[in-house]
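The values are calculated or read from the model by the stated rules, or taken from the named source; none is laboratory data. On a predicted model such as this, the values are computed, not experimentally measured, just so you know. Every residue, glycine among them, receives a Cβ derived from its backbone with ideal geometry; neighbour counts consider all protein chains shown.
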Amino acid sequence: REFALKVAEDPENNKNKTREELGLKAFKEIEIRSGVSGSEIILTQSNIVQLLGLPNKGVFRTFTPAS
């Protein structure tokens with residue numbers, strides 16, 4: 001979304017530029033951003049799995065019904 005908005009500001013000049021060339025952070029993984037008490041909080045999948053001690057790959061199933 002950020003990238004699309006930045007390109008839309010000046011489509012002719014920004015068309016083939018990278019995120020970094022447009023002044024945006026490099027994309028590594030999906031982030032949930034929030035501003036709390038004036039501080040920016042960023043949650044990522046890797047933060048959450050580290051906190052919960054889960055594997056950081058694919059889909060994690062916590063319940064599998066009996067066959």
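Points to keep in mind about this one:
- Cβ-Cβ contacts under 9 Å between residues 6 or more apart (or on different chains), taken from a first residue in segment 33-45 that is closer than 18 Å to GLU2 by Cα to a second residue that is in a helix (DSSP H, G or I), are absent.
- When GLU29 is tested against (1) in contact (Cβ under 8 Å) with a residue 12 or more places away in the chain; (2) among the acidic types (Asp, Glu); (3) not in a loop (DSSP other than H, G, I, E, B), just one condition goes unmet, and that condition is (3).
- Selection of segment 39-56 for residues being at pLDDT below 85 and in contact with a Phe, Trp or Tyr (Cβ under 9 Å, 6 or more places away or on another chain) yields only LEU54.
- Test for THR64: is it under 28 Å from LYS6 (Cβ atoms) and polar (S, T, N, Q): no
- Test: residue in segment 42-55 that is surrounded by 10 or more Cβ atoms within 10 Å (Cβ to Cβ), part of a helix (DSSP H, G or I) and among the hydroxyl-bearing types (Ser, Thr, Tyr): yes
- Restricting segment 12-26 to residues that are assigned to a helix (DSSP H, G or I) and at pLDDT 85 or above, the residue that is surrounded by the most Cβ atoms within 10 Å (Cβ to Cβ): ASN14
- Listed conditions (1) assigned to a loop (DSSP other than H, G, I, E, B); (2) within 19 Å of the chain's Cα centre (by Cα); (3) exposed (fewer than 10 other Cβ atoms within 10 Å of the Cβ); (4) not aromatic (Phe, Trp, Tyr) are all met by ARG61, apart from (2).
- Members of segment 27-41 found to be of a type in the set (Val, Ile, Thr) and surrounded by 10 or more Cβ atoms within 10 Å (Cβ to Cβ), listed by number: ILE32, ILE41
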